[in-house]
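Colleague: Supplied in structure tokens, the structure appears directly below.
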Amino acid sequence: MTTTVHAAAVNAAAYLLAQQPAETPVGPDFGKASPIGLLIIVGLLAVVLFIGFAFHRRYSRFRRRQAFAEMHGIDPFDEQAIDAAMAEAGILDRGKRRFI
């Protein structure tokens, strides 16, 4: 059984190696990218960085609120109670709720 599998693998490898390489396009315009492609890549990079920054900001705020709720014995999912307790303690930060 193993010799059959081994023989099949050898035949498959020989077939793949024996294939003729595909013809590649040639000419003066081959391989030249448009400046629009660069703009798209830079735009996507900017979007990914913005989303990553926004997620970090949101996650940091969540962890800060969760730690405060656990220290004061408040349910972490009761937003109104946490807001009231943080406002009473003087550490409520509403400036972080702009986007996303």
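Colleague: Tell me, in nm to one decimal, what length is gained between D75 and R61 on full extension, where the rule is 0.36 nm per residue of separation less the Cα-Cα distance?
Modeller: Result for the pair: 3.4 nm of gain on full extension.
Colleague: Only four residue types carry charge here, +1 at the Cβ of Lys and Arg and -1 at the Cβ of Asp and Glu. Report the dipole size of the stretch 22-79 about the Cα centre in Debye, rounded to the nearest 20.
Modeller: Values: 7 positive and 6 negative charges, 61 e Å.
Result for the stretch 22-79 is approximately 300 debye, rounded to the nearest 20.
Where a number appears in this text, it was derived from the coordinates with a stated rule and is not lab data. For clarity, every value in this text was computed on a predicted model and none was experimentally measured. Using ideal geometry, Cβ is built from the backbone for each residue, glycine included, and neighbour counts are taken over all protein chains shown.
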